[in-house]
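So the structure is just underneath, and the comments pick up after that.
The values are calculated or read from the model by the stated rules, or taken from the named source; none is laboratory data. No experiment lies behind these values; they were computed from the predicted model shown. Methodologically, a virtual Cβ is constructed for each residue, glycine included, from the backbone with ideal geometry; neighbour enumeration extends over all protein chains shown.
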Amino acid sequence: MRPLFLIASLSLASALAAPAWSQSDLQKQAQQLFKPIPSSPPALPGNPATAERVALGKMLYFDPRLSQSHAISCNSCHMIGLGGVDLQETSIGHRWQRGGRNAPTVYNAVFDVAQFWDGRAKDLEQQAGGPLVNPVEMDTTEAHAVEQLRAIPGYGPEFAKAFPGSGEAITFDNIRRAIALFEATLITPNAPFDRYLKGDVAALDTTQTEGLALFIGKGCAACHAGINVGGAMYAPFGVVERPGAEILPPGDRGRFAVTKTVSDAYVFRVPSLRNVALTPPYFHSGKVWDLRQAVAVMGSSQLGAQLTDAEIDRITAFLGSLTAEQPQVTLPVLPPSVAATPQPKP
Ligand code: HEC
Ligand code: HEC
């Protein structure tokens, strides 16, 4: 991982300095490094995207009865209509408790190599079980989530349609499968940068194009590449210079907690930069509210570069071209509770 970005950053930095860096060279370079978001959701292995299953997943995503308090749904922290985030430094969960990390967006998460800041869940399906049973998030148990839904009569037929012929359809695995499928539909194609990658050079304005050249030339793209402009690999936060404790609190050692490998201390999954202008605050700590400041921190911590104000402006303008039309989601009508439905435990 280290040699790769060093090479990229050196060779591209010299290319940028050369006046011969033409528009079409830049576009070709970009097309090699990044890929446009497809117009339809990718398939999930072993989890066919039937209309019934996606519709059920949407209900579950919005249903607060999956939390102990019946006050918190997935949408509480990953709000549809708000970039798929909660705009909090760290999220507020069960009994107003704060979790330890900033909530990443669910939009385009399906394209990431693994889920969570430390990659501890291999995919959306595995991830979806996490918040349900996390005591500072939704604080239920696998058994209670199942018991809860089985006691809401309207869910029986919905699960049966979504998971036909499999006996008892309301299971924890099926809850996760349905939610993951709905999340896979939350993709944001057709950002200006996607149109640029597909051939429309005019989709980026001059400042954004200069920002793209800097993003590649300075070496940002060595880590933030691929379809999500990130999300594809792990890297230390503080490759060249470790940020101060106010941005990188020493208590959260990232991927070390997953692998127990010393070299993984303070290693995090490189985040996707898709729609990043919509999802402050930044970093796993959520300590930086200004995207320009996040760009400056990246320059010094990851590349040892003190970016000038003009460079920061251009790179930030380029990041703005990663904002796409947002998913249009109709709120689902959820099946009603009845007298026998377990009541909330606030
Ligand atoms: C109380 C707030 C909260 C609730 C409720 C919540 N999440 Fe999250 N979510 C988070 C936080 C915080 C993280 C990052 C945690 C980490 O990396 O350790 C996260 C991470 C994720 C990720 C990984 C995204 C990425 O880029 O790695 C996905 C996907 C996700 N949540 C989906 C869901 C789903 C589905 C639900 C409902 C079952 C849900 N979340 C409920 C706060 C919440
Ligand atoms: C060595 C790999 C690497 C390089 C090079 C790199 N980044 Fe990052 N970037 C990361 C990692 C890892 C994080 C997550 C840090 C954290 O919060 O723990 C990150 C986070 C970010 C964030 C915050 C995203 C969010 O949602 O919180 C932005 C913005 C960003 N990088 C932009 C850039 C820019 C612009 C450059 C070039 C100046 C750059 N990065 C260079 C690895 C890299």
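Go through the range 58-102 and give me each residue that's at pLDDT 95 or above and in a helix (DSSP H, G or I).
LYS58, MET59, LEU60, TYR61, PHE62, PRO64, ARG65, LEU66, CYS74, ASN75, SER76, CYS77
Return the only residue of ALA213, ALA235 being assigned by TED's automatic domain parsing to the domain that holds VAL297, within 13 Å of ligand 2 (Cβ to nearest atom), buried (at least 18 other Cβ atoms within 10 Å of the Cβ) and farther than 30 Å from THR90 by Cβ.
Answer to the check: ALA213.
Of the residues VAL113, VAL106, only one is surrounded by 23 or more Cβ atoms within 10 Å (Cβ to Cβ) and under 17 Å from the mean Cα position of the chain (by Cα); which?
Residue meeting the stated conditions: VAL106.
Within the set of pairs 6+ apart or on separate chains, which have a first residue in the range 242-266 that is basic (Lys, Arg), a second that is part of a loop (DSSP other than H, G, I, E, B) and surrounded by 11 or more Cβ atoms within 10 Å (Cβ to Cβ), and C-beta atoms under 7 Å apart?
Matching pairs, first to second residue: ARG242/LEU248; ARG253/ALA265; ARG253/TYR266; ARG255/ASP118; ARG255/GLY119.
Against the condition out of contact with any strand residue (DSSP E or B) (no Cβ under 8 Å at 6 or more places or on another chain), more than 22 Å from GLN306 (Cβ to Cβ) and either assigned to a helix (DSSP H, G or I) or away from ligand 1 (no atom under 14 Å from the Cβ) (or both), how does PRO250 come out, does it pass?
When the stated conditions are applied, PRO250 passes them.
Looking only at the range 253-296, filter to residues that are under 21 Å from GLU311 (Cα atoms) and among the polar types (S, T, N, Q); which one of those is farthest from ligand 1 (Cβ to nearest atom)?
GLN293
Tell me which of these GLY167 doesn't satisfy, since it passes every other one: (1) at positive phi; (2) at pLDDT 95 or above; (3) surrounded by fewer than 24 Cβ atoms within 10 Å (Cβ to Cβ).
For GLY167, the failing item is (2).
Within the range 271-290, track down each residue that is part of a helix (DSSP H, G or I) and surrounded by 21 or more Cβ atoms within 10 Å (Cβ to Cβ).
Within the range 271-290, just VAL276 meets the criteria.
Which of the residues spanning the range 159-172 are assigned to a helix (DSSP H, G or I) and closer than 22 Å to THR141 by Cβ? It would help to see each step written out before you state the result.
Residues of the range 159-172 that are assigned to a helix (DSSP H, G or I), as a first pass: 159-162, 172.
Hits for the range 159-172 are PHE159, PHE172.
Of everything in the range 78-103, what is within 16 Å of ligand 2 (Cβ to nearest atom) and either surrounded by fewer than 22 Cβ atoms within 10 Å (Cβ to Cβ) or among the polar types (S, T, N, Q) (or both)? Give them in sequence order.
Passing the criteria: MET79, LEU82, ASP86, LEU87, GLN88, GLU89, THR90, SER91, GLY99, GLY100, ARG101, ASN102.
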